[in-house]
Amino acid sequence: MQSQVESFVAIDWGHATVKAGLVDRVGDCHRFIAKGIAPNLAAVGNLREPAAPLVAAVRDLEGISGRRVLGIDGLPIVPESFGAGVDGLGCSLSALPPLRVAVAALREDASLRYALSALRCTPHKLIGQVSGKEVAAAAEAFARFAQKLRDEAPQVVLIVGGADAKPDRAVVAFVDAIAVAISLLRPQDRPLVLYAGPAPLRQAAIAAVAERTAVRTVDNPCPDGRKPNPGALRAELALLQLALAPGKGSALPTIREWCGQRLLPLPLALLNAYSRPGVSVLAVDVGSQVTALVHTGLGAHLVLQACGLGQGATGLLAAVGPARIRRWLTSGLGEDDIADWAANRGLRPWLACEDERSCELEFAFVREALGQVRAAAGLAWPEAGLEEGSLPKADVIVAGGAVFSSAHPAAAAALALLDGLQPVGICRLAVDWLGLASAFGALAQANPEAVRSALERDDITVLGTLVAPMGQGRPGREALLVEGQSGQGARLSCAVTCGELVRIPLPGGSRMRATLRPRRPFDLGAGPGEPMEAELDGGLLGLLIDARGRPLPEAVAQPEAVRANLASLGG
Amino acid sequence: MPVVPVLALAQHCEFSERFDLPGPGRVIVNVGDAVTPFDVVGYVVQRGAVGAVNLARALRLPPRKVREHLLVREGQSVRAGEVLAQREGGLFSRRAVAPADGRVVAIGAGFAFLEEFPREVAVRGCLPGRVVDVYPGQGLVVAGQGALLQGAALLGASFSGLVRVVVPGPAVPLQPEHIDATCHGAVLVAGAGVHPDVLPRAAEFGVQGLILGSLRAGFLKQALPVPVVLTGGFGTQPMDEATFRALESVDGRTVYALPRAGRVLLVCPSTAASNVRAAEVEPLAQLEVGQLVRLVSGPRAGEVGTVAEPLASSGKVTVQCAGNRALAPALNCEIIWQLAAGTRS
């Protein structure tokens, strides 16, 4: 039987920094002890020692905690012995190279559409795409595809096509043709073939490919031609991104040596960290290069590449345009300043905000990054049946990334979260204060209780409960009446008008039973104008009543509105 | 104490580098040869274009029956027009021919894949110095000595030329009047290049490259007419004093600007020996009181000072700059590993 991991170091290998957090038993529970951090130079260029940032972060942790983690051989001391070392290490990785994928689809049908939606959830580089029609009709197109395979050596060739109810034997001939194209690569360079097609044809597909290269099969992303089921393919692609990540010239071999099997890509680590029976959590992590979104209720994840605050800032700026960033700024920075800021973050993604202007700029990028994932969720998670620009309901929304850490004001973070994600209904808002949630998630299997304790006691900080009705009304008219009584007996009655954002202080740990009466056309989930009873939890900010309307009107993205809303939240 | 990046500014040191070919190929230099970044040190093999011939379609046969009509086998070289497969049948005889010269690399599923003959591509870009080791087919080790300075970014291709400092101080931006016919073939050093006419004028007068403290990111909307090295970053920040003085010390010497590890290396080779190796510079180090650092972000970006006091709880440090103190996030500092000629500080 495997011994329990009582003390551990949770590592987050990010595009900007490497963080190492120490957790150990304190009294009758596990607590976070200290965190070391180092700029991840390996994510901006090839280092002679690619694991140097990892070692530096752990050395920093040793200096802060006073506990020796690395032995004289430079390896972690495992298990803990006489107060030195730890029982285990785990690592979440967001700084993984994008998965290089080529797609071959027999037909341009629903299977291909949903396979591409699953592919969108994993950072990837699409090397090429070919259809059965092109292979059959145009030798030049097939030759171009084969040449791309040979020259750009994808890690995965994803083959899709067909419905499970009517398996088409042409799929097997198509798989055979793709396998011949793959044989242009040297055996050691050949990609893995991932076949996501009808179950009855999987054995035949494996037989057609297995002689030339490795092959895996996964559920058809659209088995009946109508209802999407891309979950299995999505999870498989996320795991393949880690499993196939090149070790040469990277820190991965060292990380694997230190952490063994306790390695997970960022989105799966987040899902692990926040999965709780009966509670659906929507977690977002605004990173340096990517922004990740996960929903524990759906078990779904989404990672948008070139959408972040470091290496992804210039990509995000190009995608949304400087005008959309500038509309959130009260400091009057010009488009040149915005472009300079983004380009500098690409050079040194670990840079911290040093003044209000820089913080405001960072939160402007955060709002747009969150807007991008909100817009992408509908396409990426077709099984959720989301309306365009909306997100699935959740009991808790947790925001992570350096910008949501303790170094930044909670009010500004909460406002950016509301403006960017535009959550609807009643949910608790929280932030990943230490920036270690995903790292803890990589260790969730090793000691679930310890991870939960460290996360909930020390890392996750509850900002409060958000009440945000759907709909829009005329400014100045009443939108919502909140009546409640706190556990201490204090009564509250608060009428919120359309366009208002109101904060009602309610300390963390306290709870209020409230009746929420939205006025038509506002809707909290029970129907337009229908009242609701709810238990509202307090937090660092308290209750946040957002009656600005959903979707948010464009007017909220004006400097005066940003200033006023920030003031309403106490910022 | 927080861990931060280290910036190497060595006015004189020994350096060496293993330089690998980007793929399988051959090294054409020998131990003892003198090389520069613009010399060809090897060749790699680049495979030819791929062509696909649909044999099944040409022969009007199902793919599984094509194999019995093949006239070539995998690995065989063919000429354009050569018959790959033929189906005898009197009046209805059909055949598939090679569209170009090449080699048959794969046959299956009714297709034949042909690859044109490979060609060699020259490899350049190693550090200037002497070849001290050769790994046949893989790469070489070059060693040399001279000044070695790290910059933040190389915008454009590698370049070289004689260093010419054209401004009196690190805060003085490059202006069009600093550039004239005497700058032909030179690498110009200045504070910040903010004037929109500077880059076209530099190209017009045959300037090989610019070394600036910063440049507005807006210039990147078009291709730059001359390559630029940024020592600080994007914006209008001046060049830091330490880098400017180090560049002044190599005024008139040849500099090579080469991309390395996501940054840029400025190398000014010399023949004088040194007892300090650049390999000793660690890319990351802990901040310590008294260390020389430069601020790389914020309103005081480009200023150089010494660490006065770390504030561990806030992740900030106070830095004693010329005459006054600056409070900055530790992550916004870079330690300057400075090496004056012959000594280490």
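Look through the range B:116-136, keep the residues that are open to solvent by 50 Å² or more (accessible area, probe 1.4 Å) and either in a loop (DSSP other than H, G, I, E, B) or in contact with a Cys (Cβ under 6 Å, 6 or more places away or on another chain) (or both), and return whichever of them is nearest to B:Pro238 (Cα to Cα). Taking the candidates together, the pick is B:Arg124. Against the list (1) within 14 Å of another protein chain (Cβ to nearest Cβ); (2) hydrophobic (A, V, I, L, M, F, W, C); (3) open to solvent by less than 10 Å² (accessible area, probe 1.4 Å); (4) in contact with a helix residue (DSSP H, G or I) (Cβ under 7 Å, 6 or more places away or on another chain), the condition A:Ala57 fails is (4). If we keep just the residues of the range B:271-294 that are modelled with pLDDT of 90 or more, in contact with a strand residue (DSSP E or B) (Cβ under 6 Å, 6 or more places away or on another chain) and part of a loop (DSSP other than H, G, I, E, B), which is nearest to the other protein chains (Cβ to nearest Cβ)? The qualifying residue nearest to the other protein chains (Cβ to nearest Cβ) is B:Leu287. With respect to the stated conditions, A:Glu62 fails to be in a loop (DSSP other than H, G, I, E, B), of a type in the set (D, E, K, R) and open to solvent by 10 Å² or more (accessible area, probe 1.4 Å). When the range A:85-142 is limited to residues that are without any contact (Cβ under 8 Å) to a residue 12 or more places away in the chain and part of a helix (DSSP H, G or I), the one that is nearest to A:Ala153 (Cα to Cα) turns out to be A:Ala141. Does B:Thr236 satisfy the criteria of being away from every other protein chain (no Cβ under 11 Å), touching a residue at least 24 places away in the same chain (Cβ under 8 Å) and surrounded by fewer than 23 Cβ atoms within 10 Å (Cβ to Cβ)? Judged against the criteria, B:Thr236 is not a match. Screening B:Phe113 with (1) open to solvent by less than 20 Å² (accessible area, probe 1.4 Å); (2) assigned to a loop (DSSP other than H, G, I, E, B) gives one miss only, at (2).
Of the residues making up the range A:444-457, none is touching a residue at least 60 places away in the same chain (Cβ under 8 Å), assigned to a strand (DSSP E or B), open to solvent by 20 Å² or more (accessible area, probe 1.4 Å) and of a type outside the set (Asp, Glu). Take the conditions (1) touching a Cys at 6+ places or on another chain (Cβ under 9 Å); (2) part of a loop (DSSP other than H, G, I, E, B); A:Gly525 misses just one of them, which is (1).
Within the range B:1-58, if we keep just the residues that are among the β-branched types (Val, Ile, Thr) and in a loop (DSSP other than H, G, I, E, B), the residue that is farthest from B:Ala285 (Cα to Cα) turns out to be B:Ile28. With a requirement of 1 or more residues that are of a type in the set (Phe, Trp, Tyr), the strands (runs of 3 or more DSSP E) lying completely within the range B:137-191 that satisfy it span B:159-165.
When you scan the range B:71-95, how many residues do you find that are of a type outside the set (Asp, Glu), surrounded by fewer than 18 Cβ atoms within 10 Å (Cβ to Cβ), touching a residue at least 12 places away in the same chain (Cβ under 8 Å) and over 19 Å from A:Ala136 (Cβ atoms)?
11
The set of residues in the range A:549-566 being assigned to a loop (DSSP other than H, G, I, E, B) and open to solvent by 10 Å² or more (accessible area, probe 1.4 Å) consists of A:Pro551, A:Leu552, A:Pro553, A:Gln558.
Check whether at least one residue in the range A:497-520 is at pLDDT below 90, open to solvent by less than 60 Å² (accessible area, probe 1.4 Å) and assigned to a strand (DSSP E or B), and report yes or no. No, the range A:497-520 contains no residue that is at pLDDT below 90, open to solvent by less than 60 Å² (accessible area, probe 1.4 Å) and assigned to a strand (DSSP E or B).
The values are calculated or read from the model by the stated rules, or taken from the named source; none is laboratory data. Just so it is clear, the structure is predicted and the values come from calculations on it, not from any experiment. Glycine gets a Cβ as well: all are built from the backbone with ideal geometry, and neighbour counts include every protein chain shown. What goes into the accessible areas is simple: the full protein's heavy atoms, side chains included, and nothing from ligands, DNA or RNA. Shrake-Rupley method; radii C 1.70, N 1.55, O 1.52, S 1.80 Å.
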